[in-house]
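S.K.: Got a structure here, written out as structure tokens. Questions coming.
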Amino acid sequence: MTREALTEIKDYLKNYDGEPINIMEVCGSHTAAIAKSGIKSLLSEKINLVSGPGCPVCVTPSAYIDRLIELSLKPDTCVCTFGDLLRVPGSTESLNIAKGKGARVEMVYSPMDIVDMAKADAATTFVFAAVGFETTTPVYALLIDTIVSEKIDNIRLLTALKTMPAVIEHLLENKAPIDAFIAPGHVSVVTGSRIFEPVSEKYDIPFAVSGFEGEQILEAIYGLVKTRGKGKVLNFYPEVVSEEGNTVAKELVDKYFEVTSAGWRGMGIIDGSGLKIRDEFSNLDAGSDGLTEDIKKNKACRCDHVLMGKLTPKDCPLYGKGCTPLNPQGACMVSEEGCCHTWISNYR
Ligand code: SF4
């Protein structure tokens, strides 16, 4: 973008005086990028950015965490997970607290790390906590591909895999006050931008695929304001996102996973919004079915409304009081991509 074009966009967005518009950034990485770039201070009061359900840790129901804890306490079993999930509250405690009581839990940086661990300790069953969106599912598919081809019999996956279009449609069906979406950027790399066309056209709501730099996000917001009320998918990230996405990754995912209903923290069960391991590979599943119950550790937590764009974190009575990054009461305060974590770190 030229300096002149950027200046024009900034002027327009700062002085915008049209109908108020609510734009949801679906993805937690965009929420964090918007905060770090100070984007909100560059917008007219009539352009309101709200955060969405695109932080995988934030939308994982408590029953899933409870099941991980149960597995980690079994003899000869080790639960492996990314670091974020360790502090997410289950119905009574987190994996971290369980670990302090003797549960066997290991933090890893890649699902593939578990392959070497399993080969080195054949007496232990290693369970990977496979949480995430379309972005991370290809890596889980690769893990299963390795398990199958190398005939490794002591690795299982506990899955809580989500997909984006169905939850976005769920928000619109449930009258979330959204006029436009910044589409999840990393997800779009895998899925392609075309995946958002059906919901965009059905609800006459524009989507903009955007990168994560401040200028890219401003350009996307400008595009959305200009196309308000139109069912269009705009791609401002074409150097990385194509219409079709990564077909190799999608084929690998399709080989091992199939579409299923999924439980979302605060939103309940949403049809067709998740992926599960195909029946022919179900021996690799550590018992993922039916982990949809979501019991709040703290009843005052408003994560459910925050994730749907109906409240901001500051509307929660616990924000910054009972709930902080050091003592999270809800999942949105745990991950650096969680909306409440981002707000408390940047907008105090
Ligand atoms: Fe939940 Fe804490 Fe956010 Fe409140 S501030 S909604 S308790 S995560």
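The values are calculated or read from the model by the stated rules, or taken from the named source; none is laboratory data. Computed from a predicted model, the values in this text were never measured in an experiment. All Cβ positions, even for glycine, are placed from backbone atoms using ideal geometry, and neighbour counts span all protein chains on display. Areas reflect the complete protein model, heavy atoms only, side chains present, ligands, DNA and RNA absent. Shrake-Rupley method; radii C 1.70, N 1.55, O 1.52, S 1.80 Å.
S.K.: Do the sum for the chain: with -39,500 (n - 2.57) for every DSSP H run of n ≥ 4, divided by all residues, what is the mean residue ellipticity at 222 nm, to the nearest 500 deg cm²/dmol?
M.R.: -10000 deg cm²/dmol
S.K.: Something else now. Select from the range 15-104 those GluC sites (Glu not before Pro) which occupy a DSSP coil region and have at most 10 other Cβ atoms within 10 Å, ordered by residue number.
M.R.: E45
S.K.: Let me ask you something else. Want the number for E106 to K255: 0.36 nm per residue separation, take away the alpha-carbon distance, what's left?
M.R.: 50.8 nm
S.K.: Rounded, prolate or oblate, given the Cα gyration tensor of the range 197-348, with a/c below 1.5 counting as rounded?
M.R.: oblate
S.K.: For M1 paired with T247, estimate the spin-label separation in nm (one decimal), with each label point 7 Å from Cα along the Cα-to-Cβ line.
M.R.: Going by the 7 Å Cα→Cβ label model, 3.2 nm.
S.K.: Report the residues of the range 228-251 in range of a label on K46: point 7 Å along Cα→C-beta, backbone N strictly under 20 Å from it.
M.R.: Those under the cut-off are 228-230.
S.K.: Just need log10 I(q)/I(0) for the chain at q = 0.06, 0.07, 0.10 Å⁻¹, Debye formula, equal scatterers on the alpha-carbon atoms, no solvent, rounded to two decimals.
M.R.: One equal scatterer on each Cα of the chain leads to -0.22, -0.30, -0.60.
S.K.: What distance in nm separates the two pseudo spin-label positions at I97 and A300, each 7 Å out from Cα along the beta-carbon direction?
M.R.: With each label point 7 Å from Cα toward Cβ, the separation is 1.7 nm.
S.K.: Follow-up. Between A120 and E215, what length comes free when the chain is fully extended (0.36 nm per residue of separation minus the Cα-Cα distance, one decimal in nm)? List each step's numbers first, then the result.
M.R.: Values: separation 95, 0.36 × 95 = 34.20 nm, distance 4.75 nm.
That works out to 29.4 nm of additional length.
S.K.: While we're on this one: Roughly how many Å² is the accessible area per residue of the chain, as a whole number, for a 1.4 Å probe?
M.R.: Computed with neighbouring chains in place, this is 43 Å² per residue.
S.K.: Give, as ranges by residue number, the residues of the range 159-182 whose backbone N falls under 12 Å from the point 7 Å along Cα→Cβ of D315.
M.R.: The answer is 176-178, whose backbone nitrogens lie closer than 12 Å to the label point.
S.K.: Would you please give the residues with an amide H less than 5 Å from that of L157, counting only those at least 5 places away or on a separate chain, with H modeled from the backbone geometry?
M.R.: F128, D285, A286
S.K.: Below 8 Å, C-alpha to C-alpha, sequence gap of six or more: please give me the relative contact order for the range 1-138 in percent. Don't skip to the answer; put the middle values down first.
M.R.: Details: 170 pairs, mean separation 28.5, N = 138.
Once normalised by length, the contact order is 21 percent.
S.K.: Taking amide hydrogens as modeled 1.01 Å from N in the peptide plane, which residues meet the under 5 Å criterion relative to E293, leaving out close sequence neighbours?
M.R.: Amide H neighbours of E293, under 5 Å, 5+ apart: A63.
S.K.: Another question, if that's okay. Quote the relative contact order of the chain in percent (integer), defining contacts as alpha-carbon pairs under 8 Å separated by 6+ residues.
M.R.: Answer for the chain is 22 percent.
S.K.: Continuing with the same structure: Share of the range 20-297's accessible area from carbon and sulfur, percent, 1.4 Å? Walk me through the intermediate numbers first.
M.R.: Numbers: 5530 of 11100 Å².
Using a 1.4 Å probe with all protein chains present, the range 20-297 comes out at 50 percent carbon and sulfur.
S.K.: Under the Karplus relation 6.51 cos²θ - 1.76 cosθ + 1.60, θ = phi - 60°, what is the ordered set of whole-Hz ³J(HN,Hα) values for the range 205-210, x standing for Gly and Pro?
M.R.: Rounded to whole hertz, the list is 10, x, 10, 10, 7, 9.
S.K.: Read phi for every residue in the range 183-195 and hand back ³J(HN,Hα) as whole Hz from Karplus 6.51 cos²θ - 1.76 cosθ + 1.60, θ = phi - 60°, with x for Gly and Pro.
M.R.: Once θ is set to phi - 60°, the couplings for the range 183-195 become 5, x, x, 5, 4, 4, 4, 7, 7, x, 6, 5, 4 Hz.
S.K.: Please compare each pair in K14/K175; K14/K250; K101/K175; K10/K310; K119/K296 to a cut-off of 32 Å on the Cα-Cα distance and tell me which ones are over it.
M.R.: Exceeds cut-off: K14/K250; K101/K175; K119/K296.
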